[in-house]
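Trainee: Once you've had a glance at the structure underneath, I'll fire off some questions.
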Amino acid sequence: MTRQDISSTAGSAVPIVLTGDRPTGALHLGHYVGSLARRVELQDHCRQFLLLADMQALTDNAADTGKVTRNIFEVALDYLAVGIDPDRTTICVQSCLPALADLTMLFLNFVTVARLERNPTVKEEIRLRGFERDVPAGFLCYPAAQAADITAFRATLVPVGDDQLPMIEQTNEIVRRINRLTGREVLVEAAALTARVGRLPGVDGKSKMSKSQGNAITLSAGPDEIRAAVRAMYTDPNHLRVSDPGSVENNVVFTYLDAFDDDKAGVEALKEHYRRGGLGDTVIKKRLEDRLQALLAPIRDRRARLAADPGYVHDCLCRGTEIADEVTHATLAEVWDALGLYRVRGMRDLPRESAPEVTPHAAVMGRG
């Protein structure tokens, strides 16, 4: 993707990108093909912020905060191992950015419960988690939190899958409502940058790839783990003999070859051969295994070296979060000023002429 392609999508000379992950487990090939590879490209053309969304992770993991905390470091390792450069991409931790919580509380006043419940993404996630009517309030309201994340960084471009497009739409609804109220464009609408590859299925072919479901190949998977996962992949249950014609559609091995094999002509030739018969599953699985071993070996090696230097990883998170704190507080101050709201905490960010007189007692409540 070129700078011109990105700029035309974002409508900005230098697009600002916000993307991120919930740190609930190790990242896997689904993350790589769906977002990580694109992020490595984007850092050459955009100002990119990468958010470790630990507060959002708690919306359905509140009973296991330790898991979320542990995985902040693990996911950061994955970021750095795939080629995210902390000098070109700002990596930050959501819970360490208080402006995001403030904006979330504000935005909840500009969206109704009925509108949150109508969000197709939220409805589907509620169904998948079996919440039914026992939905955590934080989970139901996370579109407002996500809107706060996007607008706080003034993102003009947000890489998402098709299933997340309703979140961008709802974010822009909130933006337009606040801008109308203030009479000026205090917040920026974001454009969606959709994934080039559809959601990668799990190796079992039954659902999306997920570590918790045991159907994922993680970025840190070793050679034996990769080999075992590929050999167990779902293909065509009616392809009983090598000579039998086989089905390419819904064949997980070919889905993965489409995603990870750069020799597109070679893959198409294999598909034709498989359809007419005479090509066994062993051959296509061996080709896929070779491609995945070549992809993951250098990532795994870099990850191991980074894991041996945790101080460096934590320093990257600290530096990125400090930068993000300044950016998000600047947005918060502008929104507060535009709405004419009284502000004590975060007074350092308000224009001097807008800051009211504060008693010494009230000043103690500030950030310092």
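Trainee: Looking at His314, His329 in this structure, which one is surrounded by 14 or more Cβ atoms within 10 Å (Cβ to Cβ), modelled with pLDDT of 95 or more and either part of a helix (DSSP H, G or I) or assigned by TED's automatic domain parsing to the domain that holds Gln48 (or both)?
Mentor: That would be His329, the only listed residue that is surrounded by 14 or more Cβ atoms within 10 Å (Cβ to Cβ), modelled with pLDDT of 95 or more and either part of a helix (DSSP H, G or I) or assigned by TED's automatic domain parsing to the domain that holds Gln48 (or both).
Trainee: Determine whether the stretch 119-134 contains at least one residue that is of a type in the set (Gly, Ala, Ser) and more than 19 Å from the chain's Cα centre (by Cα).
Mentor: Yes: the stretch 119-134 contains one or more residues that are of a type in the set (Gly, Ala, Ser) and more than 19 Å from the chain's Cα centre (by Cα).
Trainee: In this structure, is Leu51 under 26 Å from Asn215 (Cα atoms), of a type in the set (A, V, I, L, M, F, W, C) and either outside any loop (DSSP other than H, G, I, E, B) or in the same structural domain as Cys141 (by TED's automatic domain parsing) (or both)?
Mentor: Yes; evaluated as a whole, the condition is true for this residue.
Trainee: Now a separate question. Tell me the residue from Gly202, Gly246, Gly222 that is within 22 Å of Ala26 (Cβ to Cβ), surrounded by 14 or more Cβ atoms within 10 Å (Cβ to Cβ) and more than 16 Å from the chain's Cα centre (by Cα), please.
Mentor: It is Gly202.
Trainee: What pairs come up if the first residue lies in the stretch 101-114 and is farther than 16 Å from Leu181 by Cβ, the second is part of a loop (DSSP other than H, G, I, E, B) and basic (Lys, Arg), and their beta carbons are under 6 Å apart, counting only those six or more places apart or on different chains?
Mentor: Cβ pairs passing all conditions: none.
Trainee: Now for a separate question. In the stretch 214-262, which residues are under 18 Å from Gly34 (Cα atoms), out of contact with any helix residue (DSSP H, G or I) (no Cβ under 8 Å at 6 or more places or on another chain) and not in a loop (DSSP other than H, G, I, E, B)?
Mentor: Answer for the stretch 214-262, where residues must be under 18 Å from Gly34 (Cα atoms), out of contact with any helix residue (DSSP H, G or I) (no Cβ under 8 Å at 6 or more places or on another chain) and not in a loop (DSSP other than H, G, I, E, B): Val252, Thr255.
Trainee: What pairs come out if I take residues in the stretch 267-284 that are under 17 Å from Pro237 (Cα atoms) and pair them with residues that are surrounded by 14 or more Cβ atoms within 10 Å (Cβ to Cβ) and β-branched (Val, Ile, Thr) whose C-beta lies under 8 Å away, six or more apart or interchain?
Mentor: Qualifying pairs under 8 Å: Lys271/Val248; Tyr274/Val248; Tyr274/Ile284; Arg275/Val248; Asp281/Thr235; Asp281/Val253; Ile284/Thr235; Ile284/Val253.
Trainee: In the stretch 72-120, which residue that is part of a helix (DSSP H, G or I) and charged (D, E, K, R) is nearest to Leu27 (Cα to Cα)? Step through it out loud before you land on a result.
Mentor: Step one: list which residues in the stretch 72-120 are part of a helix (DSSP H, G or I), which gives 72-82, 94-96, 98-110, 113-118, 120.
Okay, now just the ones that are also charged (D, E, K, R), so 74, 78, 102, 115, 117-118.
Numbers: Glu74: 8, Asp78: 7, Asp102: 29, Arg115: 32, Glu117: 29, Arg118: 30 Å.
Within the stretch 72-120, the match that is nearest to Leu27 (Cα to Cα) is Asp78.
Trainee: Conditions first: (1) at negative phi; (2) modelled with pLDDT under 95. Gly11 passes all but one, so which condition is the exception?
Mentor: Checking Gly11 against (1) at negative phi; (2) modelled with pLDDT under 95, the one that fails is (1).
Trainee: Of the numbered conditions (1) part of a helix (DSSP H, G or I); (2) within 30 Å of Asn109 (Cβ to Cβ); (3) touching a residue at least 40 places away in the same chain (Cβ under 8 Å), Leu187 satisfies every one except a single condition; which is it?
Mentor: (1)
Trainee: Ok, one more. Within the stretch 149-172, take every residue that is acidic (Asp, Glu) and at pLDDT below 95 and give me the one that is farthest from the chain's Cα centre (by Cα).
Mentor: Restricting to residues being acidic (Asp, Glu) and at pLDDT below 95, the top hit is Glu169.
The values are calculated or read from the model by the stated rules, or taken from the named source; none is laboratory data. These figures come from a predicted structure and were not determined experimentally. FYI the Cβ positions are ideal-geometry reconstructions off the backbone, even for glycines, and counts take in every protein chain you see.
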